[in-house]
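The values are calculated or read from the model by the stated rules, or taken from the named source; none is laboratory data. Everything numeric in this text was worked out from a predicted model, so none of it was measured. Cβ coordinates were reconstructed from backbone atoms using ideal geometry, including for glycine residues, and neighbour counts include every protein chain displayed.
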């Protein structure tokens, strides 16, 4: 199965690594390339992008079997929560 984990952080990184361990093809999407070496070492393909930017998502490969959203608002306030959780999720399903 092909999976993409949106948000490669505290939850997303170990999840992606476990999916690879179980034989799945896994990519992650995150806003920065910090930690890419760790992801690649685990057999994960890191992708750079932001779910709050629909144009970013349109440039990604398609045909995922699983899309797993583990994003964080980066401890922002209400506006950041709305942008990431509501707007970002809306972009994912568009």
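Name, by its number, the condition in (1) closer than 23 Å to residue 1 by Cβ; (2) touching a helix residue (DSSP H, G or I) at 6+ places or on another chain (Cβ under 8 Å); (3) at pLDDT below 90 that does not hold for residue 62. So residue 62 meets the others, but not (2).
Of the numbered criteria (1) in contact with a helix residue (DSSP H, G or I) (Cβ under 7 Å, 6 or more places away or on another chain); (2) over 16 Å from residue 24 (Cβ atoms), the one residue 43 fails is (2). Checked against (1) over 23 Å from residue 1 (Cβ atoms); (2) out of contact with any strand residue (DSSP E or B) (no Cβ under 8 Å at 6 or more places or on another chain), residue 94 passes all but a single condition, namely (1). When the range 34-51 is limited to residues that are more than 26 Å from residue 93 (Cβ to Cβ) and touching a residue at least 12 places away in the same chain (Cβ under 8 Å), the one that is surrounded by the most Cβ atoms within 10 Å (Cβ to Cβ) turns out to be 42.
Taken across the range 1-8, residues that are over 18 Å from residue 88 (Cα atoms), touching a residue at least 24 places away in the same chain (Cβ under 8 Å) and surrounded by fewer than 17 Cβ atoms within 10 Å (Cβ to Cβ) do occur, with at least one present.
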